[in-house]
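The next block holds one structure in the form of structure tokens; read it before the comments.
The values are calculated or read from the model by the stated rules, or taken from the named source; none is laboratory data. Just so you know, these numbers come straight off a predicted model, no measurement behind them. Glycine gets a Cβ as well: all are built from the backbone with ideal geometry, and neighbour counts include every protein chain shown.
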Amino acid sequence: MALTSVVSAPVVLALSASGEGTAHRIAKALNGSVHGRMDRVTHADAYFDNALDHARDLFAAGIPIIGVCASGILIRGVAPLLSDKRSEPPVISVSDDGAVVVPLLGGHHGANRLARQIAEALGGLAAVTTAGDVALGVALDEPPPGWRLANPQDAKSAMAALLDGQGATVEGEGADWLKDLPQGHGVKINCTMDPVTSGPQHLHFAPQRITLGVGCSRNCLPDELCRLVTQAMSDAGISPHAVHSVSTIDLKADEPAILDLARRLGVPLRLFTSAELEAETPRLATPSDVVFAEVGTHGVAEAAALAQGGAGATLHLTKRKTGNATCALALTNEPLTVLRGRPRGRLSILGIGPGQSTWRTPEVSRLAADAEELVGYGLYIDLLGPLAAGKQRSDFPLGGEEDRCRYALERAGEGRNVALVCSGDAGIYAMGALVFELLDRSPDQHGVSDAARRVEVVCSPGVSALQAAAARAGAPLGHDFCTISLSDLLTPRTDILRRLHAAAEGDFVIAFYNPVSKSRRTLLAEARDILLQHRPADTPVLLASNLGRPTETVRYRRLDELEVDEVDMLTVVLVGSSNTRLAHLGEGPRMFTPRGYARRIDGDLQTVGNRHIETETTT
């Protein structure tokens, strides 16, 4: 079961001056931001040129969209991305005067609720069309905060039975939000923390009044902790769905067993300092001087459960332990709707591609949207456009790469969600490797703090300059290829020359990164001369600059005519192999490297009837 996701703040789109005021009223009511159409909206947090592209980009990032515009604009914008209604963010259209609010998508993922909030703030009408909301006034698959549906897969059939007039029997206390359901015996609903055997027309809503505190030895086996917690909840008569969160000491932020437990339960993990846990000592049932000597608090499991529950929480199950793990349960008077403590920090290493949003992956857009802080070279952060609007950002100059990565890790180590923004792919001549190098260094090698070592690190791929150049050219990477950086700032010149000779002899297609700089002009010429010893003078060469940007240029040269002065740091130089061709086709020159389909090699093909079926593994 996946971790509970964090819903991003909504973005309100203002497409015209007539709807600008309404957009700002909505943003104020929902604590969102206003994105305005360039040259049509005067005041906004960010601006966009094309409404369809911008709506599509926000939707791909999982950001709730509220458009003060015609519904059709939003529909046409997000239509190419529609696939799974269970994961789509809310999309809502609002008339310019705020009189009508229409939830278009994500009705049971917050859209209906948001629509009602907007209508209340504007004095308008929420045009909710979802059957359950209209006929019953409630969506069974979207319980209010503090409640969890144990069997969401059965909500649809239960709702169908209710709409068919069969009625429901509600057992348990505290579920006032279900009090207006029509009574009957078609559907049974249990509202309890107790374990319940549910089914297609038997729903179980659990109030999340239980906080789970845990501790364990380093590298405790996940199954050991999971078995301990499962048995403890069984002994206490508690359903796992009544658990609000998993809490522990911050020293265990990266403990595999605890991370696995939170994933299995599908709840957030929260962390407390030893001082915060020590403050709970008067309420502990089993304080320990041994634990205090180890981690600076007289208890971890009991203290973490109580700290998460707050002042009114009481121990429901005192500390249980195995050889390597401990757990405890605390009980609150009401379902919990807030999270105390801090989350585990996250560093997302993002490759944003060449910069244009259509070449940026939806995952990268989502991680950038979720991040609290953006770190990177200022130009790269600027290329995120509206996704960077309103976010804290820390710009670093070129040349400050280690400082940039170290800063991002340490900020994540404080519990923040940080995105390190890179162009192209972050793992190709970018910051990805440096992040892991810093994490791997010991303290005496100028590594990072222990807190930074415990953060979650997520790498998300981007379109590399190599891929972008190849796509513009045709298919020059159709066969074996390699990349070589011609910068000798970090790589010894002798190593670069050795790799050039090896790649030339191996007849690889070669992409040259960092081909020249103001002070470094000779290696590209040397590379050309080395390659001419192994491949024809008319070998095609692609020079691609500013890919995906308005100033993009793509030029072709013969290898023997490659001149250093027409190349700069923004240029990718892609040199073909001896088999690469430059064909002049209908739409212009196309560079490609044949893989050898025209040659029949014994064992490579098997004949089925009149068709040839390739037996190789393809990538």
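Pull up the stretch 457-478, narrow it to residues that are in contact with a helix residue (DSSP H, G or I) (Cβ under 8 Å, 6 or more places away or on another chain) and assigned to a strand (DSSP E or B), then point me to the one that is surrounded by the fewest Cβ atoms within 10 Å (Cβ to Cβ).
Val458
Can Asp254 be described as of a type in the set (D, E, K, R), surrounded by fewer than 19 Cβ atoms within 10 Å (Cβ to Cβ) and in a helix (DSSP H, G or I)?
Details: of a type in the set (D, E, K, R): yes; surrounded by fewer than 19 Cβ atoms within 10 Å (Cβ to Cβ): yes; in a helix (DSSP H, G or I): no.
In short, no.
Restricting to the stretch 354-404, and then to whatever is of a type in the set (Gly, Ala, Ser) and in a strand (DSSP E or B), can you tell me which residue is nearest to Ala430 (Cα to Cα)? Walk me through how you get there before you give the answer.
Residues of the stretch 354-404 that are of a type in the set (Gly, Ala, Ser), as a first pass: 355, 357, 365, 368-369, 371, 376, 378, 385, 388-390, 394, 399-400.
This time we only want the ones that are in a strand (DSSP E or B), so: 376, 394.
On the way: Gly376: 11, Ser394: 17 Å.
Of everything passing the filter in the stretch 354-404, Gly376 is nearest to Ala430 (Cα to Cα).
Pairs, please: C-beta under 6 Å, at least 6 apart or cross-chain, first residue at positive phi and in the stretch 535-558, second of a type in the set (A, V, I, L, M, F, W, C) and at pLDDT 95 or above?
none
Do we have any residue at all in the stretch 424-445 that's outside the structural domain of Asp57 (by TED's automatic domain parsing), part of a strand (DSSP E or B) and modelled with pLDDT under 95?
Just the residues of the stretch 424-445 that are outside the structural domain of Asp57 (by TED's automatic domain parsing), to begin with: 424-445.
With the extra rule that they be part of a strand (DSSP E or B), the set shrinks to 424.
Those still in the list that are modelled with pLDDT under 95 too: 424.
Yes, there is a match, as at least one residue in the stretch 424-445 is outside the structural domain of Asp57 (by TED's automatic domain parsing), part of a strand (DSSP E or B) and modelled with pLDDT under 95.
Looking at the structure I just gave you, is Leu497 surrounded by 17 or more Cβ atoms within 10 Å (Cβ to Cβ) and touching a helix residue (DSSP H, G or I) at 6+ places or on another chain (Cβ under 8 Å)? I'd like the intermediate steps shown before the answer.
Working: surrounded by 17 or more Cβ atoms within 10 Å (Cβ to Cβ): no; touching a helix residue (DSSP H, G or I) at 6+ places or on another chain (Cβ under 8 Å): yes.
No; evaluated as a whole, the condition is false for this residue.
What residue, of Val128, Val94, Val100, is modelled with pLDDT under 90 and at negative phi?
Details: Val94 fails: modelled with pLDDT under 90; Val100 fails: modelled with pLDDT under 90.
None of the others qualify; the one that does is Val128.
Pick out the one residue from Ile66, Ile26 that is touching a Pro at 6+ places or on another chain (Cβ under 6 Å), closer than 22 Å to Gln117 by Cβ and either assigned by TED's automatic domain parsing to the domain that holds Pro362 or not charged (D, E, K, R) (or both).
Answer to the selection: Ile66.
Report yes if some residue within the stretch 215-228 is among the basic types (Lys, Arg), buried (at least 20 other Cβ atoms within 10 Å of the Cβ) and modelled with pLDDT of 95 or more; otherwise report no. Steps first, please.
Taking the stretch 215-228 and keeping what is among the basic types (Lys, Arg), we get 218, 227.
Pick out the ones that are also buried (at least 20 other Cβ atoms within 10 Å of the Cβ) and you get none.
Looking through the stretch 215-228, none of the residues is among the basic types (Lys, Arg), buried (at least 20 other Cβ atoms within 10 Å of the Cβ) and modelled with pLDDT of 95 or more.
Filter the stretch 446-456 for residues that are part of a loop (DSSP other than H, G, I, E, B) and touching a residue at least 24 places away in the same chain (Cβ under 8 Å) and give the result. Explain how you work it out, then say what you get.
Step one: filter the stretch 446-456 for residues part of a loop (DSSP other than H, G, I, E, B), giving 446-449, 454-455.
Matches in the stretch 446-456: Val448, Ser449, Arg454, Val455.
Does the stretch 322-337 contain at least one residue that is surrounded by fewer than 24 Cβ atoms within 10 Å (Cβ to Cβ) and touching a Leu at 6+ places or on another chain (Cβ under 6 Å)?
Among the residues of the stretch 322-337, at least one is surrounded by fewer than 24 Cβ atoms within 10 Å (Cβ to Cβ) and touching a Leu at 6+ places or on another chain (Cβ under 6 Å), which makes the answer yes.
The conditions are (1) touching a strand residue (DSSP E or B) at 6+ places or on another chain (Cβ under 8 Å); (2) modelled with pLDDT of 95 or more; (3) surrounded by 14 or more Cβ atoms within 10 Å (Cβ to Cβ); (4) part of a loop (DSSP other than H, G, I, E, B), and His534 fails exactly one of them. Which is it?
Failing condition for His534: (1).
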